[in-house]
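**Student:** One structure, as structure tokens, below. Some questions next.
The values are calculated or read from the model by the stated rules, or taken from the named source; none is laboratory data. No experiment lies behind these values; they were computed from the predicted model shown. Here the Cβ is made from the backbone with ideal geometry for all residues, glycine too, and neighbour counts use every protein chain on show.
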Amino acid sequence: MNYEEALKHSLTVPWKVGTCQQGEKCWCRTIIPEEEILDDEGEDIYIASGAEIHKVHAEHIVKLHNESLTNKVTRLEVINHQDEPIGRVYSKHNCKNVETSLQDEGRTLKIFINEG
């Protein structure tokens, strides 16, 4: 596959955290696909190969990416426990491709129900 196809494919497979050449003792990490992905020139596709990502950040990025691959949410419900009326205030079934986004410095949670 060409480079662009390899990059697109890398977004559809699980990732893992790797180490730099110094190994586990080093603070930095790489992010690589769990399965080897080669472009048409035989070059490995890395997500973050420069090994300049702190281990904590790399682990968090990998966790979020891998969770996004298993998004099987098909129902969305908003439940009010704050004030009257208590209970379900919004319900949508048969959802596809539900995404969430924290915005406004973590004060706003937006939920997007996208087409397929």
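**Student:** What are the residue pairs meeting all of these: first residue in the range 1-12, first residue in contact (Cβ under 8 Å) with a residue 40 or more places away in the chain and over 13 Å from D44 (Cα atoms), second residue surrounded by 12 or more Cβ atoms within 10 Å (Cβ to Cβ) and of a type outside the set (G, A, S), Cβ atoms under 7 Å, and 6 or more apart or on different chains?
**Tutor:** none
**Student:** To continue, here is another question. Quick check on my filter: what residues within the range 31-54 are part of a strand (DSSP E or B) and among the small types (G, A, S)?
**Tutor:** Correct list: A48, S49, G50, A51.
**Student:** Contact list please: Cβ distance under 6 Å, first residue in the range 41-59 and in the same structural domain as E24 (by TED's automatic domain parsing) and farther than 7 Å from R29 by Cα, second residue part of a strand (DSSP E or B) and not hydroxyl-bearing (S, T, Y), pairs at least six apart or on different chains.
**Tutor:** From the range 41-59, the pairs are Y46/I32; I47/W15; I47/I31; A48/I31; E59/V17.
**Student:** Please indicate, with yes or no, whether at least one residue in the range 14-33 is in contact with a Ser or Thr (Cβ under 6 Å, 6 or more places away or on another chain) and exposed (fewer than 15 other Cβ atoms within 10 Å of the Cβ).
**Tutor:** no
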